[in-house]
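*Asks:* Have a look at this one before I ask anything.
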Amino acid sequence: MTYAEIAEEYGTTGGAVYWRLRDAGGVQTRPDHSRYLPWKVKKDHSHARPAVLLRYLSRRDQGDVIPEAKSRQVDKWLIEIKEADVVVCYDREMPPNPASPVTGGFYYSKRRPEDGDNVIRCSPEDVDYTSKVKKVSEPRTV
């Protein structure tokens, strides 16, 4: 049942149902991928290959079990970007490019010394501080 359906049955609001379930531990929290996706990503860009692989990498690093095929895909991609000596970057206005050929947004940039072994490059000005994420933690190294 949806929150709205439950609310209708009990004469309350969907929000009240959600809060009651949340307080009782009945609502699953959404995973936090801000370590690898600290940007406010346009909806059109959310299914670009780098975004999908960064979410799988985040899930795996947080201890979630992901399908073996996806884990192999992430490992292969990490090797590819390491061998190419690039990092993943994001710009909401970036046109389609090799990293994101259909929608744009994500792109690869030549690794700089200050990138260290990080998978992504994110400058403080790139982060959406209006979202619930207030701090960008260090991304995983390759």
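*Asks:* Would you point out which residue out of Arg35, Arg49 is open to solvent by 80 Å² or more (accessible area, probe 1.4 Å), at pLDDT 95 or above and under 23 Å from the mean Cα position of the chain (by Cα)?
*Replies:* Going through Arg35, Arg49 in turn, just one is open to solvent by 80 Å² or more (accessible area, probe 1.4 Å), at pLDDT 95 or above and under 23 Å from the mean Cα position of the chain (by Cα): Arg49.
*Asks:* Conditions: (1) open to solvent by 60 Å² or more (accessible area, probe 1.4 Å); (2) within 20 Å of Arg111 (Cβ to Cβ); (3) of a type in the set (Val, Ile, Thr); (4) under 18 Å from the mean Cα position of the chain (by Cα). Val65 meets all but one. Number of the miss?
*Replies:* Against the list (1) open to solvent by 60 Å² or more (accessible area, probe 1.4 Å); (2) within 20 Å of Arg111 (Cβ to Cβ); (3) of a type in the set (Val, Ile, Thr); (4) under 18 Å from the mean Cα position of the chain (by Cα), Val65 comes up short only on (2).
*Asks:* Let me ask you something else. Looking only at region 92-114, which residues are open to solvent by less than 70 Å² (accessible area, probe 1.4 Å) and either hydrophobic (A, V, I, L, M, F, W, C) or out of contact with any Gly (no Cβ under 7 Å at 6 or more places or on another chain) (or both)?
*Replies:* Selection gives Met94, Ala99, Ser100, Thr103, Gly104, Gly105, Phe106, Tyr107, Ser109, Arg111.
*Asks:* Given the criteria under 14 Å from Ile120 (Cβ atoms), surrounded by 14 or more Cβ atoms within 10 Å (Cβ to Cβ), charged (D, E, K, R) and at pLDDT below 95, does Arg55 qualify?
*Replies:* For Arg55, the condition - under 14 Å from Ile120 (Cβ atoms), surrounded by 14 or more Cβ atoms within 10 Å (Cβ to Cβ), charged (D, E, K, R) and at pLDDT below 95 - is not met.
*Asks:* Can Arg30 be described as exposed (fewer than 11 other Cβ atoms within 10 Å of the Cβ) and farther than 25 Å from Arg112 by Cα?
*Replies:* yes
*Asks:* In this structure, is Asp44 surrounded by 13 or more Cβ atoms within 10 Å (Cβ to Cβ) and of a type outside the set (Ser, Thr, Tyr)?
*Replies:* Taking the combined requirement at face value, the residue satisfies it.
The values are calculated or read from the model by the stated rules, or taken from the named source; none is laboratory data. Keep in mind it's a predicted model, so treat the numbers as computed, not measured. Glycine also receives a Cβ, built like all others from the backbone with ideal geometry; neighbour counts cover every protein chain displayed. Accessible surface areas use protein heavy atoms only, side chains included; no ligands, DNA or RNA. Shrake-Rupley method; radii C 1.70, N 1.55, O 1.52, S 1.80 Å.
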